[in-house]
Amino acid sequence: MSRIGRMPVAIPAGVSVTIAEGNEVTVKGPKGTLVRVLPKEMEIKEEAGQVVVSRPNDLKKMKSLHGLTRTLIHNMVVGVSEGYSKTLEINGVGYRAQKSGSKLTLTLGYSHPVEMTDPEGIETKVDGNKIIVSGISKEKVGQYAAEIREKRKPEPYKGKGIKYADEVIRRKVGKTGKK
């Protein structure tokens, strides 16, 4: 049995979970509202301040959907109550980020500045050489942070580029000259 799928999702104070037909789960909290349609095979019930997910049978597909469904509901509950954020760091001479309104302008050594507009529900902040991406949807925060990082991935020789704050870049030794 799925160890993650079996665990109930606790609903904190100030958060309400509504389960409509077709497994459409709506989670409302202090930070906002998230709606997601989850797999129809799973049985989602709210009982005694907890959301419980159960599966119809022990097929491999059902086992994997069981854990996934529970995790998606948990991420929605955490998102509307606390929110998610990812921190990116810019390393490199002349590499910088600027924020004006909802537009993020990155200067990354290209012949032109790279401009990105914040998607709906996502907010970015620039703090020196750090970019903080925050929002209520874990999926959207992670996706937008990955898109920013993709503009100039960190390279292994000097470590220049955009990397996650907790990412470790494996460095390579450069070429050596003959004597």
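Of all positions in segment 95-116, none carries a residue that is over 15 Å from Gly135 (Cα atoms), open to solvent by less than 40 Å² (accessible area, probe 1.4 Å) and among the basic types (Lys, Arg). Across segment 66-91, the qualifying residues are those that are outside any helix (DSSP H, G or I) and open to solvent by 30 Å² or more (accessible area, probe 1.4 Å), and the one among them that is nearest to Pro8 (Cα to Cα) is Glu82.
With respect to Glu150, is the statement that it is closer than 13 Å to Ile90 by Cα, more than 18 Å from the chain's Cα centre (by Cα) and surrounded by fewer than 16 Cβ atoms within 10 Å (Cβ to Cβ) true? Against the criterion (closer than 13 Å to Ile90 by Cα, more than 18 Å from the chain's Cα centre (by Cα) and surrounded by fewer than 16 Cβ atoms within 10 Å (Cβ to Cβ)), Glu150 does not qualify.
Among the residues of segment 2-13, is any small (Gly, Ala, Ser) and within 18 Å of Lys61 (Cα to Cα)?
Yes - at least one qualifying residue is present in segment 2-13.
Scanning segment 1-11 for residues that are open to solvent by less than 50 Å² (accessible area, probe 1.4 Å) and within 23 Å of the chain's Cα centre (by Cα) yields a total of 3.
Quick check, is Val51 in contact with a Lys or Arg (Cβ under 9 Å, 6 or more places away or on another chain) and closer than 30 Å to Ile169 by Cβ? Against the criterion (in contact with a Lys or Arg (Cβ under 9 Å, 6 or more places away or on another chain) and closer than 30 Å to Ile169 by Cβ), Val51 does not qualify. For segment 119-173, a residue qualifies if it is β-branched (Val, Ile, Thr) and assigned to a strand (DSSP E or B), and the qualifying residues are Ile122, Thr124, Val126, Ile131, Ile132, Val133, Ile162. Screening segment 29-51 for residues that are charged (D, E, K, R) and out of contact with any helix residue (DSSP H, G or I) (no Cβ under 9 Å at 6 or more places or on another chain) and picking the one that is most open to solvent (accessible area, probe 1.4 Å) gives Lys40. Give me the pairs, please: first residue somewhere in segment 29-58 and without any contact (Cβ under 8 Å) to a residue 12 or more places away in the chain and outside any loop (DSSP other than H, G, I, E, B), second residue anywhere and open to solvent by less than 80 Å² (accessible area, probe 1.4 Å) and not β-branched (Val, Ile, Thr), beta-carbon distance under 8 Å, and either six or more positions apart or on two chains. From residues that are without any contact (Cβ under 8 Å) to a residue 12 or more places away in the chain and outside any loop (DSSP other than H, G, I, E, B), the pairs are Val35/Glu24. If I filter segment 55-64 for residues that are at pLDDT 90 or above, open to solvent by less than 40 Å² (accessible area, probe 1.4 Å) and closer than 20 Å to Lys138 by Cβ, do I get at least one hit? No, the conditions are met nowhere in segment 55-64.
Based on this model, can you work out whether Thr26 counts as under 30 Å from Glu123 (Cα atoms), open to solvent by 50 Å² or more (accessible area, probe 1.4 Å) and part of a strand (DSSP E or B)?
Spelling it out, it is not the case that Thr26 is under 30 Å from Glu123 (Cα atoms), open to solvent by 50 Å² or more (accessible area, probe 1.4 Å) and part of a strand (DSSP E or B).
For Ser137, indicate whether it is more than 20 Å from Gly79 (Cβ to Cβ), of a type in the set (Ser, Thr, Tyr) and either open to solvent by less than 60 Å² (accessible area, probe 1.4 Å) or out of contact with any helix residue (DSSP H, G or I) (no Cβ under 9 Å at 6 or more places or on another chain) (or both). So Ser137 fails the test. Selection of first residues in segment 145-170 that are touching a residue at least 12 places away in the same chain (Cβ under 8 Å) and under 21 Å from Glu115 (Cα atoms) and of second residues that are hydrophobic (A, V, I, L, M, F, W, C) and open to solvent by 50 Å² or more (accessible area, probe 1.4 Å), restricted to Cβ pairs under 9 Å at least 6 apart or on distinct chains, gives the following pairs, ordered by first then second residue: Lys160/Val93.
The values are calculated or read from the model by the stated rules, or taken from the named source; none is laboratory data. Keep in mind that what you see is a predicted model, and the values were worked out from it rather than measured. Every residue, glycine among them, receives a Cβ derived from its backbone with ideal geometry; neighbour counts consider all protein chains shown. What goes into the accessible areas is simple: the full protein's heavy atoms, side chains included, and nothing from ligands, DNA or RNA. Shrake-Rupley method; radii C 1.70, N 1.55, O 1.52, S 1.80 Å.
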